[in-house]
Amino acid sequence: MAEAHTREVAPGIERHDVAAVNAEQTRQLYASRQAIYPKRVKGDFRNLKWLVMALTLGVYYILPWIRWDRGANLPDQAFLIDFTNQRILFFGLEIWAQEFYYVTGLLVLASLLLFLVTALAGRVWCGYACPQTVWTDLMVAVERFWQGDRNARMRLDKSPWTFEKIWKKTLTHISWVVISIATGGVLVFYFRDAPTLLGEFLNFEAPTIAYLFLGIFTGTTYLLGGLAREQVCTYMCPWPRIQGALFDRDSLLVTYRQNRGEPRGPHKKGESWDDRGDCIDCKQCVVVCPMGIDIREGAQLECIQCALCIDACNGIMDKIGRPQNLITYDTYSNIEGDVDEVRSDLRLIRPRTILYSVLFLLVSLLMAYGLMSKSVLDVNVLRDRNPLYVLLSDGSVRNGYTIKILNKLYQTRMFRIEAEGLPDPVISVVGIEDADGKLIAVPSDDLRILRIYLKVPYSELDKLKSETTDFNFVVTDIRDNTRVRRGTNFRRQKP
Amino acid sequence: MAEKTEIDDVTGVETTGHEWDGIKELNNPLPRWWLWTFYVCVIWSVLYWIVYPAWPTMTGYTKGIWGYSQRQAVKADLAAGKAAQAKFLTAIEASELDDIRGNPELMRFALAGGRTAFADNCAPCHGRGAEGTRGYPNLNDDDWLWGGSLSAIYETIRYGIRTTHDDTRLSDMPKFGADEILEPGQIKDAANFVLSLSGRPGDAASIARGKAVYADHCSTCHGEDGSGIAALGAPNLKDALWLFGSRQEDVETSIRTGRGGVMPHWDGRLDDTLIKQLTLFVHSLGGGQ
């Protein structure tokens, strides 16, 4: 993007001699990256982007520090992905490893929401909320702080390695690395108690794995946010390619209103605006674009629809006294409608958006139901396979089972184990003397594995007509009499 | 190489000259990222040869500067495993069987070790689930020829039954028929009586005659009432379990030819801590007394 000279295209407005990085004539195999120097821009969408950045980064950096009292000896971090104990803690919610489908559900919801938003207003995610966009935006802001705006940065890059260039570049990169370390560091805090881990980091006592991931995320933030920037969106991310299928004629997209803008050309003071377009070809939209493209070329794969060109163009329109929104959020049907002088109403409610909304609602309800009926007790019964039954000396028949009781509450619970559907069964629990009728304690937040022997006396054996008899184990929590039934079977010799 | 390069009209790119069903392959250059990845892999592989064992030589192979060897790694892992077990093994060696049973941590270790040792050494005769078969006792039930207490099981495993060990368990059931101690009729009567002990119906007169035969020849070992004597390895004849079958002819065969199963002694083949673990495992199968 060589900027040989600038010239005035309208009173007080200079034209930038710049070509879009994806312009057809400049495309070639083996092209190395053309540096993009996004120019500072002011406007409503820029303010919105600052706000979204503050919110998302704020949540990201602060969340691991929020505390949530769960009781004694339990983690008090509001959001903790606890690998050691295989669970995810989120405020009052606790997701165990075997309930990971809740996380799947959450991802399904996120996808549906993304589909819906994309169908409504295009690449809102890419333009405002994607971490790649947010961090790149932050990195560019830092770069601008040390090296100045577009022109200054271009001059600096072209200049030989003077002392000024060295310290400006060095400070930029140091700032980037600091931001990257903070980013990587905070990510690790989500997996281990944040205050503890911070102390360990400062004393160089943290686990190796923490340093490893700190290093990986520091590296990726610096590399992707600081250096690779728009290349991540254009070449690495699959999402832009999928999104093409999610837009339709009624999606609001960042668009240049061609029929109003064309034919474009410089405008002299006092000249008539008749028989010409409003576009004065100042290329402000190109120089502010973080992707370095020209929105006037229409919808493009590279465009993340961050709307900064809208801000830039509106500023120009104000200066030259033409109406705003030459570049704006508009729909395909309106762009075509413009040509025919027919503008259609915005159709937010249409089959596609209804479908996404209904699916979103359904999955939400399903998850809500799942969360509300989340059990705090898991019982599994495994019957012995070898031997299938044991004949005892008094003629009675014994079967062996393994029962696993998982207590998900933070208190010891007492359980009674009974067999339902067998004649006069005698239950004994290995390691618990005289277990019949006795209670079995399962410690708080723990799994207890019990070996159970179930005997049907010789006198009752005739009541079992076949080799296999189905019955239920009933595990009763004596605190509130909640029962869990698990079906299994009892085997005997051939009658 | 193709004679002359052909330029594709649409893309302006040279073709490779290869053609499949009218489709020509463009000779596009490889993507840069791909090339660089390839170069890195090449460098990586060279470093790998230097660091790790790689090339065969006439007499061996290049060892690599790190001196890594999978055999050494396995050895180290095994040693680490042994070291981790040492604490438990020492404790088991020093403890009485009853004390181990009262210690959940030791017991868990002992049962795991016992289960593995059982599968390796005992399962061929007693079965994978210790379910036994004809002539080889089921270890899950509550019927024990030589006693089902921890100490009795320990002794049986350690010294074996009817083996060459000095301390072996030893007893002998006479061959009442083969050695012509009893007449065939008497054997039949005795079998009838024995079966009647567990409530089997039969000819009353024969049972009465058998009772006298039993009192004279069998009660010394199997007890006056037929409940067996564990110290002699003499089975209980009143229960529902029959090691060699419960049909009339099975019992007659037992009386005629005698019985005497053999179990090897494990003293000297398995170390004492492992025999202890095996004992605890067998005892835990449901029949331990």
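Output the number of the condition that residue A:254 fails; it satisfies all remaining conditions of (1) assigned to a loop (DSSP other than H, G, I, E, B); (2) touching a strand residue (DSSP E or B) at 6+ places or on another chain (Cβ under 8 Å).
So the condition that residue A:254 fails would be (1).
For residues in the range B:123-174 being touching a helix residue (DSSP H, G or I) at 6+ places or on another chain (Cβ under 6 Å) and on the phi > 0 side of the Ramachandran plot, which is nearest to the other protein chains (Cβ to nearest Cβ)?
B:132
Can you tell me how many residues in the range A:389-426 are within 13 Å of chain B (Cβ to nearest Cβ) and either surrounded by 18 or more Cβ atoms within 10 Å (Cβ to Cβ) or of a type in the set (Ser, Thr, Tyr) (or both)? Walk me through it before giving the result.
Residues of the range A:389-426 within 13 Å of chain B (Cβ to nearest Cβ): A:389-402, A:426.
With either surrounded by 18 or more Cβ atoms within 10 Å (Cβ to Cβ) or of a type in the set (Ser, Thr, Tyr) (or both) added as a condition, the list becomes A:389-393, A:396-402.
So the count comes out to 12.
Within the range B:18-57, track down each residue that is under 17 Å from residue B:5 (Cα atoms) and either hydroxyl-bearing (Ser, Thr, Tyr) or within 14 Å of chain A (Cβ to nearest Cβ) (or both).
B:26, B:27, B:28, B:29
In the range A:192-233, what residues are part of a helix (DSSP H, G or I), over 30 Å from residue A:36 (Cβ atoms), over 20 Å from the mean Cα position of the chain (by Cα) and not polar (S, T, N, Q)?
Result: A:194, A:195, A:197, A:198, A:199, A:200, A:201, A:202, A:209, A:210, A:211, A:212.
Is it fair to say residue A:479 is assigned to a loop (DSSP other than H, G, I, E, B) and within 12 Å of residue A:415 (Cβ to Cβ)?
On the way: assigned to a loop (DSSP other than H, G, I, E, B): yes; within 12 Å of residue A:415 (Cβ to Cβ): yes.
Yes, satisfied.
Looking for something out of contact with any strand residue (DSSP E or B) (no Cβ under 6 Å at 6 or more places or on another chain) and within 14 Å of chain B (Cβ to nearest Cβ) - is there at least one such residue anywhere in the range A:350-370?
If we filter the range A:350-370 for residues that are out of contact with any strand residue (DSSP E or B) (no Cβ under 6 Å at 6 or more places or on another chain), which is where we start, we get A:350-370.
After this cut, where a residue has to be within 14 Å of chain B (Cβ to nearest Cβ) as well, the list is none.
Taking every residue of the range A:350-370 in turn, none turns out to be out of contact with any strand residue (DSSP E or B) (no Cβ under 6 Å at 6 or more places or on another chain) and within 14 Å of chain B (Cβ to nearest Cβ).
Could you list, ordered by first residue, the pairs with Cβ atoms under 8 Å in which the first is in the range A:72-92 and more than 12 Å from residue A:189 (Cβ to Cβ) and the second is hydroxyl-bearing (Ser, Thr, Tyr), at least 6 apart or interchain?
If the second residue must be hydroxyl-bearing (Ser, Thr, Tyr), the pairs left are A:74/A:410.
Per-residue answers, yes or no, for (1) surrounded by 10 or more Cβ atoms within 10 Å (Cβ to Cβ); (2) closer than 30 Å to residue B:150 by Cα; (3) within 14 Å of chain A (Cβ to nearest Cβ); (4) in contact (Cβ under 8 Å) with a residue 40 or more places away in the chain:
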site: B:60; (1), (2), (3), (4): no, no, no, no
site: B:63; (1), (2), (3), (4): yes, no, no, no
site: B:71; (1), (2), (3), (4): no, no, no, no
site: B:75; (1), (2), (3), (4): yes, no, no, no
site: B:81; (1), (2), (3), (4): yes, yes, no, no
site: B:87; (1), (2), (3), (4): yes, yes, no, no
site: B:91; (1), (2), (3), (4): yes, yes, no, no
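Could you list all residues from the range B:154-211 that are touching a residue at least 12 places away in the same chain (Cβ under 8 Å), more than 20 Å from residue B:229 (Cα to Cα), assigned to a loop (DSSP other than H, G, I, E, B) and touching a Phe, Trp or Tyr at 6+ places or on another chain (Cβ under 9 Å)?
Within the range B:154-211, B:165, B:182 qualify.
If I ask for residues that are small (Gly, Ala, Ser) and either assigned to a loop (DSSP other than H, G, I, E, B) or within 14 Å of chain A (Cβ to nearest Cβ) (or both), which ones from the range B:229-258 would you list? Show your work before the answer.
Within the range B:229-258, the subset small (Gly, Ala, Ser) is B:230-231, B:233-234, B:240, B:245-246, B:254, B:258.
Answer for the range B:229-258, where residues must be small (Gly, Ala, Ser) and either assigned to a loop (DSSP other than H, G, I, E, B) or within 14 Å of chain A (Cβ to nearest Cβ) (or both): B:230, B:233, B:240, B:245, B:246, B:258.
Just to be sure I understand, how many residues within the range A:445-476 are part of a loop (DSSP other than H, G, I, E, B) and within 26 Å of residue A:407 (Cα to Cα)? Please lay out each step first, then the result.
Step one: list which residues in the range A:445-476 are part of a loop (DSSP other than H, G, I, E, B), which gives A:445, A:457, A:464-467.
So of that shortlist, the ones also within 26 Å of residue A:407 (Cα to Cα) come out as A:445.
The number of residues fulfilling the criteria is 1.
Can you spot a residue in the range A:460-477 that is without any contact (Cβ under 8 Å) to a residue 24 or more places away in the chain, more than 14 Å from chain B (Cβ to nearest Cβ) and touching a Lys or Arg at 6+ places or on another chain (Cβ under 6 Å)?
There is at least one residue in the range A:460-477 that is without any contact (Cβ under 8 Å) to a residue 24 or more places away in the chain, more than 14 Å from chain B (Cβ to nearest Cβ) and touching a Lys or Arg at 6+ places or on another chain (Cβ under 6 Å).
A short reminder: the numbers here are calculations on the coordinates, not readings from a lab. From a predicted model like this one, the values you see are computed outputs, not experimental measurements. Cβ: placed from backbone, ideal geometry, glycine included. Neighbour counts: every protein chain shown.
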